[in-house]
Every structure is written in structure tokens, then in C-alpha cells.
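First up is the structure itself, then whatever we jot down about it.
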Amino acid sequence: MTTRLNEKADNLRAKLKGNVVLPGDAGYDEARRIWNAMIDRRPAVIVQCTGADDVAHAIAFARDNGLEISVRGGGHNIAGYSVCDNGVMLDFSTMKNVHVKAEARRAYVEPGATLRDFDRAVQAHGLATPVGINSTTGIAGLTLGGGFGWLTRQYGMTIDNLVSADMITAGGDRVRASENDNPELFWAIRGGGGNFGVVTQFEFKLHPVGPEILAGLVVFPFNQAKQVLRQYRQFVKSAPVELNVWAVLRQAPPLPFLPENVHGKEVVVLAVFYAGEIAEGERLIQPLRRFGDVLGEHVGAMPYVQWQQAFDPLLTPGARNYWKSHNFTELSDGALDTMIEYAGNLPSPQCEIFLGLIAGAANGVPPDATAYSSRDAKFVMNVHGRWDNAAQDERCIAWSRAFFNAAAPYASAGAYVNFMTAEESDRVAAAYGSNYARLLQVKKRYDPENIFHLNQNIRGPEEMGAVGQKRSA
């Protein structure tokens, strides 16, 4: 960092309530480190914001000095866009407050809050809204890309429960986005990512959930994968929206309810969630146990917040991660066969293929109601490549790409942008489908210079011809 920029950073520090962290400062390496260990970038300036004024000052500083801007909420995005090289990183790790108005069933959430922060605050009042399944995920990135989880079948996507957002634009203006205030901006941020500004507060509607729910895992042998998945496919067609079941193909972790001779072996896991009366949930899930020879199960009543953290041990920070994803409107035999084939040849013990069931309330929203347009999707498949050693990069990435390509003929249109890596920029237009042209107009209005481009970027008029282009490997 040049002496001149150091001096300017000192001037910026004088304007802030938060902190400025520079290379060489204590805490710099910790502040720039994010969940995916494949990302190793060094910002020139890290601004640890404490409020909207700090955000506006940081944006102006970056623009005045011709520096890129990255925005870190939870730092969990697979593509690693939350940290930049030689630019300004807006760090929201100190802005994690969640304020709940229980009677109104509303939550007001700062952009650095994780799902753990959110769930704990709202569950204190017996409330929740659909969010993801890993508690260290940031609420900001999850929401702006769409957001889905165990409650999506019943209450829709995270964005379907977003009431408003307070934002700072590229020009430094404070704006509110809602159905009544800047409605085009509100439409765009519900799935359009961080393309249009920086959110400093989210407002969500909440729903009565728990605090106790029925959840857990039922594990089957891998050699019965086809019969289990076929029955799963049929079962979920008529399952009530309060019941959600995801399917995971992976090697068995050393879970205490599984025999030791199963540990490290390929298995099929059904992850079960029911938000209703426990006895009714037990009745509804009973058929799952007849799908095959159960190797072990751990299903029972538990606090909702406990289930929301159940998968954290499999998704700890510090590993190398590479994802690929498809939407599915149906699970054909060809799709199942492809999943089973590649799950039988996992390149590392941490790699997995999961099917997230989202059929339900989200399908009843028109595709043009929000920027997220994949309202026909009933399943989201994530090819989760995960490993520890850089020497495994080539093998694990090649496996993920090969499976993605092999599964493509069975997939439906669109994509979930939160699961897309940085190399998939030519897939962005296809992800938004017919909504892309409208997104371009909102981008032109609120960020005509593309200041906010470290994201799945909506690039400008030259991209309009890309709508509908084929998926990229």
C-alpha cells in the first residue's frame, strides 16, 4: 500500500465510527479470511462498519481512489466475492444486531448477522422465517440471492419474507426499498444479489415455528440408493408442506448412531424436518423407514435452533470448497442414475451431492414477481466438492464439473446464484431468464458505472443477448 493511500486511509478513519484495518495491522489476516479456504485475497483497506454513515464514507473513499469494493456479511459465499484484492472491503462483522417486534412478527436485521444470530433472536419468541441450513451463513448474502431452507415448502423463499431493506447506493444515497418505496429496486434485490447497493438493514416477516420441531436423519446402504431415491421421489409428491425431506449422497461421518463398520462408507441419507405436532410428524415419516434397510437413524423432537446447527460440523470454515448446482422440476430416472454413479466415486470423504426439496409455497409465486425467477424448481441440487489439501484441487474440481455436465440434460432452466462459483459469469443471464432484461434496467438506474461488480454480475446492455444461453461448465 502506498504512503499516499495510507494517508488517505487515515483521513477516512477520522470520519468513521468504525475501524480501518490495513495490511500489517493486528487483525488484518483474520478480517480478510472467509469460509472458503480456496479464496486468499488481500484488500488494501478493510472498513469495519458500525452503521450506514460508515458505509457511505467507505463507498465514497473507494470511488475517489478508483478502488474495487467488496462486501462481507458472513463471508460464506462460495465464489468468495466478499473479499477483494487491493480494494476496499466493507466488513459487517460488528453489525450483527437482530431486533424483534414479536407482536408485529417482524425482525430488523443488520447485514453482519449470521443465521445463528437470527434464529436465536427470533426463536426466543417462538418465531422463524425461511433461511438456510448452516448457522454460520450470513443473512445478507443468503437473502439477496434468494434463500431457501427447511421452512421454504411452507413459507417460501427468504426473499418472499423480506418486507423492506435500507440501502446505500453507489452514489452514497440512503434509500429504502419495499413494495411502496423504490419498488423496482425492491424487486431487484430479491434475488439480484449485491448488484444495486449495500443493504444496512433487512426487515423480515416472521411465522410461528417451534420452538420444538421433529427432525433428524435416516441412513440407508448405498447399494439401495436407486430404490430409496425412487421411493423418496414418490413420497415427497404428496407430503404436506410442513414436512420437508432432503436426500444426501455421501460417505458416512462417524455419527454415534451408526455402526462403526459404516463410517467412511457411501450411504444415502434422508434428512427429515417437520414443523408441527410431533406425534403427527412421527406418523407422516413412518413410511420412510420402509424405503430400505435402515443402517441407523436419529430422529426426534428437538429445538428448532438445534436442528439449524446440526450440519455445522460438516461445513466448518477452513476447508477448500467448490460447488456446482442445478434446478430440477422433476427427478427422472436418468437424473437419479447420474447422481448415484458420481456419488459412488467421490474424490474426497467430504464431498457430497444433496437434493434440497423446495416444492410448495415458492412455486406459487409468479416468476416475474421477484428477480429470482426459478419458481418452477421443486429441487435444488448442490454438488458440494469439499477437501482440505490444495493438492486435491484438480481432482475434486474435475469431479464436480463432470457431474454437473452429466446431470445437465435432466435439469430445468435457471440457477440458484448463491451456489454459483466465480467462473460461472456467463451463466448469470440464464439464471435470471426473462427477468434479466428488467434487472439490467434497474442496474443502469442505481449503479450505472457497475461499482458493485464483485458478485454474480448484471453487466449492462451488452449482456442482453446472453439471455437463454446454455449452461456453462
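One table, with the values for the structure above:
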item: Measure of compaction for region 212-422 (Cα Rg per 2.2 N^0.38 Å); result: 1.00
item: Surface/4 estimate of mean projected area, convex hull on alpha-carbon atoms of the chain, nm²; result: 21.4
item: Between helix 333-343 and the chain: long-axis angle, C-alpha atoms, 0 to 90°, nearest 10; result: 80
item: Rel. contact order, % - alpha carbon contacts under 8 angstrom, at least six apart, region 390-464; result: 28
item: Degrees separating the helix 436-446 axis from the principal Cα axis of the chain, which is the longest one; result: 30
item: Principal-axis tilt of helix 225-238 within the chain, Cα atoms, nearest 10 degrees; result: 70
item: Cα extents of region 87-188 along the three principal axes, largest first (Å); result: 39, 31, 24
item: Modelled label reach - Asp368, point 7 Å along Cα→Cβ, region 408-430 residues with backbone N closer than 18 Å; result: 414, 430
item: DSSP-loop GluC sites (Glu not before Pro) across region 1-79, with at most 13 other Cβ within 10 angstrom; result: none
item: 222 nm mean residue ellipticity, helices alone, for the chain (DSSP H n ≥ 4; -39,500 (n - 2.57); rounded to 500); result: -7500 deg cm²/dmol
item: Lys pairs under 20 Å by Cα in region 212-422, provided they are eight or more residues apart or on distinct chains; result: 5
item: Loop-located GluC sites (Glu not before Pro) in region 176-262, at most 11 other Cβ atoms within 10 Å (DSSP); result: Glu179
item: Kirkwood Rh (inverse of mean 1/r, distinct Cα pairs), region 16-91, angstrom; result: 12.2
item: Loop chymotrypsin sites (Phe, Trp or Tyr not before Pro), region 235-288, which have at most 14 other Cβ atoms in a 10 Å radius of their Cβ (DSSP); result: Phe257
item: Principal axis dimensions, largest first and in whole angstrom, of region 357-455 by Cα; result: 45, 37, 21
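Rule-based calculations on the coordinates, nothing more; no lab input. Here the structure is a predicted model, which means the values were calculated and not measured. Because the Cβ atoms are built from the backbone with ideal geometry, glycine has one as well, and the counts that use them run over all protein chains shown.
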